[in-house]
Amino acid sequence: MFRDGSLGRAMGVSHKENGGDLGYMFARTDWGRGYATEMGRALIAEGFAR
């Protein structure tokens, strides 16, 4: 995701027959701020809810 010409944040989950994947991409300025943990927990919870 690009915003104003700079990298923002992106995260996604995919379901496969034998498991799944969680991928993410963050600008270096966002590293170490807990965004991956917070977004990952929310995506995993939503995935299991569906």
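The values are calculated or read from the model by the stated rules, or taken from the named source; none is laboratory data. Just so it is clear, the structure is predicted and the values come from calculations on it, not from any experiment. In this analysis, Cβ positions are derived from the backbone assuming ideal geometry, glycine residues included, and neighbour counts consider all displayed protein chains.
Which of the residues belonging to segment 19-42 are in contact with a His (Cβ under 9 Å, 6 or more places away or on another chain) and assigned to a helix (DSSP H, G or I)?
none
Can you name the residue in segment 2-20 that is surrounded by 10 or more Cβ atoms within 10 Å (Cβ to Cβ) and not β-branched (Val, Ile, Thr) and is also modelled with the lowest pLDDT among such residues?
It comes out as Leu7.
Filter segment 21-36 down to residues that are closer than 14 Å to Gly8 by Cα and loosely packed, with under 10 Cβ neighbours inside 10 Å and give me whichever is nearest to the chain's Cα centre (by Cα).
Selected residue: Trp31.
If the Cβ limit is 8 Å and pairs must be 6+ apart or interchain, which residue in segment 34-48 that is within 15 Å of Gly23 (Cβ to Cβ) pairs with which residue that is loosely packed, with under 11 Cβ neighbours inside 10 Å?
Filtered contacts from segment 34-48: Gly47/His15.
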